[in-house]
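A quick write-up on the structure given underneath.
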Amino acid sequence: MTSPRSQLVELIEQGAIPVEKIGDALIATNITPDGKAWRLFIDRLLLWLGSLALAFAVMFFIAYNWNDIGRFAKFGMVEGCIVLAIVAYCRFADHSTAGKVALFVATICLGVLLALYGQTYQTGADPWQLFFTWALLMLPWALISRFAALWIVWIMLINTSIVLYYQTFRGMFWFMAGSETGMLWPLFVFNTLLLAAWEFLTATWPWRVMGR
């Protein structure tokens, strides 16, 4: 089904609505946002910006004071942020926006924790392993929340892992080794399979993959 906005645009393009009546049509169809819609938009925008600012503030604070803070204090700050974000998600589970924002912040802090662990103990792991582990650990949160933003982050992490893996080993499997352009093939295959799986799941079990 097309949206009211698309239907209105189609009617305008067909000439069914005169130009001088477009403003009245927008008001009649409630497409133009009113004061309540703007307040809701600003409220959610500030919630997102404030939450992300807190998450990145912790990361930059640790980076700036790296030599002045002990390793246990660093881990404690990041892990504390993750715990608080999970508690906030459980607390605001019925409030979809606040709960999902909290889980998104926890996902960002999880990546910071993995980077902090690798930098502190110098594990010697390849860069692709960091992003792949991050994607693996955050997958349950993406499945639970059914939040599009988390799925986008997960897809970006997997794509980054594929690129870094290819660059590290100069290829991927015996039939994908060689030039830099060959790196596009595993990305194409992965994203194509992911799109096919998404279309199948949304058509079969939409309530399992789409949020409220």
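Every read-out reported here was derived from the displayed coordinates using simple, explicitly stated rules and does not represent laboratory data. A quick note: this is a predicted structure, and the numbers were derived from the prediction, not measured. Cβ coordinates were reconstructed from backbone atoms using ideal geometry, including for glycine residues, and neighbour counts include every protein chain displayed.
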Item checked: Difference of contour (0.36 nm per residue) and Cα-Cα distance, residue 184 to residue 31 -> 51.0 nm
Notebook entry, point to check: Two-decimal Rg/Rh of region 78-138 from alpha-carbon positions, Kirkwood Rh?
Noted result: 1.08
Next item on the list: Round to the nearest 10 and give me the degree value, 0 to 90, for the angle of helix 148-169's Cα axis relative to the longest principal axis of the chain.
Entry: 40 degrees
Note to self: Could you derive backbone 3J(HN,Hα) for region 103-117 from the dihedral phi with the Karplus parameters 6.51, -1.76 and 1.60 (θ = phi - 60°), listing whole Hz in sequence and x where the residue is Gly or Pro?
What the structure shows: 5, 5, 4, 4, 5, 4, 5, 5, x, 4, 5, 5, 5, 5, 4
Item checked: Tilt relative to the chain, helix 71-91 - C-alpha long axis, 0 to 90 degrees, to 10 -> 30 degrees
Margin query: Students often check this: by mean Cβ neighbours within 10 Å, which of 183-194, 39-50, 153-164 ranks highest, and how do the rest follow?
Written below: 153-164, 183-194, 39-50
Item checked: Dipole of the chain [Lys/Arg +1, Asp/Glu -1 at C-beta], most positive-end residue of 48, 69, 133 -> 69
Next item on the list: Give me the distance in nm between label points sitting 7 Å out from Cα along the Cα-to-Cβ direction at residue 86 and residue 11, one decimal.
Entry: 5.1 nm
Checklist line | In nm, spacing of pseudo-spin labels at residue 96 and residue 24 (7 Å Cα→C-beta vector) | finding: 3.5 nm
Note to self: Could you check the spin-label model distance between residue 71 and residue 45? Points 7 Å from the Cα along Cα→Cβ, value in nm.
What the structure shows: 4.4 nm
Checklist line | Angle in degrees between helix 4-14 and the longest Cα principal axis of the chain, rounded to the nearest 10 | finding: 50 degrees
Next item on the list: Compute the Cα gyration tensor for the chain, then decide on rounded, prolate or oblate, letting a ≥ b ≥ c be the square roots of its eigenvalues: rounded whenever a/c is under 1.5, prolate when a/b is larger than b/c in the other cases, and oblate in all that remain.
Entry: oblate
Next item on the list: Order these peptides, 59-68, 106-115, 80-89, by their mean beta-carbon neighbour count within 10 angstrom, highest first.
Entry: 106-115, 80-89, 59-68
